[in-house]
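The values are calculated or read from the model by the stated rules, or taken from the named source; none is laboratory data. Keep in mind that this is a model prediction, so the values were computed, not measured. FYI the Cβ positions are ideal-geometry reconstructions off the backbone, even for glycines, and counts take in every protein chain you see. Quick note on the areas: whole protein, heavy atoms, side chains included, nothing else; ligands and nucleic acids left out. Shrake-Rupley method; radii C 1.70, N 1.55, O 1.52, S 1.80 Å.
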Number of protein chains: 2
Amino acid sequence: MKDTIFTLISENPIQIPKLRETLTAMNIVDVGDIFEDLDMERTIQIFRLLPKSIAANVFAHIVHEKQQIIIEALTDVEVGGIIEGLFMDDAVDFIEEMPANVVNRVLSNVTPERRDVINRLLKYPEESVGSIMTTEYMSLREDFTVLEAFARMRENRVKGIHTCYIVRRDKILLGAVSLKSLLLAKEHERVGDLVRTHVISAQTHDDQEIAAGLFRKYDFLSLPVVDKENRLVGIITVDDMVEIVEEEATEDFERMAGISPSEEPYLRTGVFMHSRGRIGWLMVLMLAATFTEMIIGGFEDALLLIPILGTLIPLLMDSGGNAGSQTATLVIRSMALDEIHFKDILKVWWLETRVAFLCGLLLAGINALRMIIFAPADTDPTYTAVILTVSVTLVVVALIANTLGCLLPMIGKKIKIDPAVFATPMITTVKDTVTLMIFFYLARAIIGGI
Amino acid sequence: MKDTIFTLISENPIQIPKLRETLTAMNIVDVGDIFEDLDMERTIQIFRLLPKSIAANVFAHIVHEKQQIIIEALTDVEVGGIIEGLFMDDAVDFIEEMPANVVNRVLSNVTPERRDVINRLLKYPEESVGSIMTTEYMSLREDFTVLEAFARMRENRVKGIHTCYIVRRDKILLGAVSLKSLLLAKEHERVGDLVRTHVISAQTHDDQEIAAGLFRKYDFLSLPVVDKENRLVGIITVDDMVEIVEEEATEDFERMAGISPSEEPYLRTGVFMHSRGRIGWLMVLMLAATFTEMIIGGFEDALLLIPILGTLIPLLMDSGGNAGSQTATLVIRSMALDEIHFKDILKVWWLETRVAFLCGLLLAGINALRMIIFAPADTDPTYTAVILTVSVTLVVVALIANTLGCLLPMIGKKIKIDPAVFATPMITTVKDTVTLMIFFYLARAIIGGI
């Protein structure tokens, strides 16, 4: 369908009726996509062709840079029309990305009521429930009849009609009624009487992760948002939540790999932005490696005497690193999904300790076997001592790595530092340092004379 | 509210009416949660107390082990009642987790039609669209009137009524109509005439990730599922999709950390299962470290002559590891979110190369500075040569790490091996081996005489 559009656009002169008809038959998200590949002139030309009924809707699905081009080309009246046609959350999303002059022009072309709402929504902290909610919801006073409810639904432009929220006269949230139960009810029943169960809601200042947790748990299509006095002020719809769930996961992925999260898609981020997001942790982690350098340097004599010790360092460091990142990944993800909480810290640690012991023993066994099979021709008694040293170290390394891998993220979350950011560099540094110390001291104790 | 319930349950004798009333007023998901903490006897006792109208719904939200206890305690008729009351996807979810004898008992107590549907759904491949869809959808023949549509809605028990699917007499999917437009339409309009835009659907054998992509892109509340002949056979609702999106992300997290994905929550997985999921990659990665051991062993003479080279190995390996995992993480995640595709491989590689060059230069610079500031007292001319060697190696390491970090996941996905599984061990091994080779050869070339 996108191809048809591009063929139609490239014709000269453009077949306006045919093009408009095709655009109208397309899903608005796909229509929005088309603008990505259009130049400035075409962008404005094609946007003007859109029927009024879908223009605002399409606008919400266009990339920000093209939105700006369009707004700058439209008349004040047209701008007002578009912004009035957007759902509040989309309007706020768009305004947040625009430069100051565009924002001013936009705000001065909407009704005062709408401007007030937008300004209020813009004030909520980033990633708070208030900042992602929309104000177009279906609320019904408890004394409305079912008949009145349907009349309301026909009149109001709301983002989701599948759930109606029942409020008192003073806007205090009382409950929720599904459209299905309205359809099944008698015309003159009071909607307040249809409320069956306790209603679950989020507060404007809650973190969006709390809302995500509620969606995950309760299978909502929309979640009501209340202020501190429990008055209904907005809703979050599940389609927005899918995006937020993905965004949160992406942020965790990035933080765990030591990347400062960015909201821009991969290919839209330039070389400098990419580098800036990564260089920080690369530096920190590289400088942290200085510790290992110092330790190895301190045992230079031992290495000169038994060079094979040096060749085993990467194996120990890699194994610890892998075990630690396995544990950290599982724990961070489980916390993100609300499967474990700080109160489980001892349970988690005990589980990880046993896993570490088991895995460590297996690793040590396999490695010992390998070293025995591939023993150099000129083995001396030291070789056995080296195998013993490495084996014990491997078990200890696993224990340390898994302990750090579970405790650091959990403590990080408790003291409100992102567990991913807190855990990754600390695990690497502490684990490497401790591992090498243990390795060399053990070597000294077991092998002797070094 | 959970606390109220536990207080009520612990009373002796149990206040049945009060308990039942409280249970009915609770969200069914919360009711399902209660069973997690109940013993066998209480589980059965409390489940029997539930009003018939919510029993099946609650059942769908109980953990599998308690579901089994309940089913085993109920009469055949009661079992039939519960299973008939479940939505098809929940019924299939439940049956998939039960042992054979429970499955047989369940299937022999449902209507033949239902049994057929369940058997059909069970046959779809795991993680396919067919395996997660449900068959309770609202479909309307194109020649129905709006009035008939509403009558249908009142009669049928469907999972989502917010979108009605319009089909031909032979069940071929024609389009979708929102409940909102039905409410706004005249009673005698044909529903077929309300279809405005091209309908987007998934096929039963598509991977669930395709469905997730469509939900992400189009903000659907439900997605129609068709067979090869484009006949409507089911829908996927967005609430199920939120779970699947989270599951897919969790799987990617786990695979990237070298853990075999498990569907069980963290604390419900035993020590052996945890160890089994992790030991595989730990072994592979440990044995892969043998290569680095061999290389270091091969340059023993150089290390004996200039021991400082050995102390720098961890720094090089860690920096490369971090850069590689940053790139791999970004690329794997961007592919999962459909932001980049195989056709972009050169673009991605070129971007990563430039990022690597920039980051590598910065790392090399900072490290050189550090080595100059903290130079040992007895530096000889070799020290400068070592700094030069490390600096050049750091840039080369970054280039190799980023190249592997982007190419391997993309190629892995292309040849249908999970990019996370394919990339992680290969990146570590290849990067470590190549880095050390370059480091030592460069040292030999620059320093000379080793």
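Annotations
- Per this entry, B:ARG268 is not counted among residues that are more than 8 Å from chain A (Cβ to nearest Cβ), over 19 Å from the mean Cα position of the chain (by Cα), without any contact (Cβ under 8 Å) to a residue 40 or more places away in the chain and open to solvent by 40 Å² or more (accessible area, probe 1.4 Å).
Residue by residue, here is whether (1) crowded, with 16+ Cβ neighbours inside 10 Å; (2) under 21 Å from B:PHE439 (Cβ atoms) holds:
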position	(1), (2)
B:ASP344	yes, no
B:PRO376	no, yes
B:THR379	no, yes
B:VAL390	yes, yes
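- Number of positions in region A:411-432 that are at pLDDT 75 or above, surrounded by 23 or more Cβ atoms within 10 Å (Cβ to Cβ) and hydrophobic (A, V, I, L, M, F, W, C): 1
- Of the residues making up region A:85-143, those that are part of a loop (DSSP other than H, G, I, E, B), open to solvent by less than 30 Å² (accessible area, probe 1.4 Å) and not β-branched (Val, Ile, Thr) are A:LEU86, A:MET98, A:MET133, A:GLU136, A:MET138.
- Number of positions in region A:333-342 that are buried (at least 16 other Cβ atoms within 10 Å of the Cβ) and more than 8 Å from chain B (Cβ to nearest Cβ): 2
- Options A:LEU232, A:LEU223: the member that is without any contact (Cβ under 8 Å) to a residue 60 or more places away in the chain, more than 15 Å from B:VAL245 (Cα to Cα) and in contact with a strand residue (DSSP E or B) (Cβ under 8 Å, 6 or more places away or on another chain): A:LEU223
- Looking across A:SER201, A:SER222, one residue alone is touching a Ser or Thr at 6+ places or on another chain (Cβ under 9 Å) and open to solvent by less than 50 Å² (accessible area, probe 1.4 Å). It is A:SER222.
- Taking region B:291-307 as the range and being at the interface with another protein chain (Cβ under 7 Å from one of its Cβ atoms) and open to solvent by 20 Å² or more (accessible area, probe 1.4 Å) as the test, the residues that pass are B:GLU293, B:GLY297, B:GLU300, B:LEU303, B:LEU304, B:PRO307.
- Unmet criterion (only one of (1) basic (Lys, Arg); (2) under 19 Å from B:SER334 (Cα atoms); (3) in contact with a Leu (Cβ under 8 Å, 6 or more places away or on another chain)) for A:ARG276: (3)
- Helices (runs of 4 or more DSSP H) enclosed by region B:218-334 - at least 1 residues per element that are farther than 30 Å from A:ALA249 by Cβ: B:271-298, B:300-305, B:308-311
- Put simply, of B:LEU351, B:LEU363, B:LEU394 the only residue that is among the aliphatic types (A, V, I, L, M), within 7 Å of chain A (Cβ to nearest Cβ) and either exposed (fewer than 14 other Cβ atoms within 10 Å of the Cβ) or closer than 20 Å to B:VAL434 by Cα (or both) is B:LEU363.
- Contacts under 8 angstrom Cβ, first residue in region A:183-198 being under 14 Å from B:PHE150 (Cβ atoms), partner exposed (fewer than 13 other Cβ atoms within 10 Å of the Cβ), 6 or more apart: A:LEU183/B:ARG154; A:LEU184/B:ARG154
- Residue list for region B:271-289, filter: at the interface with another protein chain (Cβ under 8 Å from one of its Cβ atoms), open to solvent by 60 Å² or more (accessible area, probe 1.4 Å) and touching a residue at least 40 places away in the same chain (Cβ under 8 Å): B:TRP281
- Looking across region B:149-192, the residues that are within 14 Å of chain A (Cβ to nearest Cβ), open to solvent by 60 Å² or more (accessible area, probe 1.4 Å) and over 33 Å from the mean Cα position of the chain (by Cα) come down to B:ARG152, B:ARG154, B:GLU155, B:LEU184, B:LYS186, B:GLU187.
- Test result for B:ASP206, within 22 Å of B:THR135 (Cα to Cα), buried (at least 16 other Cβ atoms within 10 Å of the Cβ), more than 14 Å from every other protein chain (Cβ to nearest Cβ) and under 17 Å from the mean Cα position of the chain (by Cα): yes
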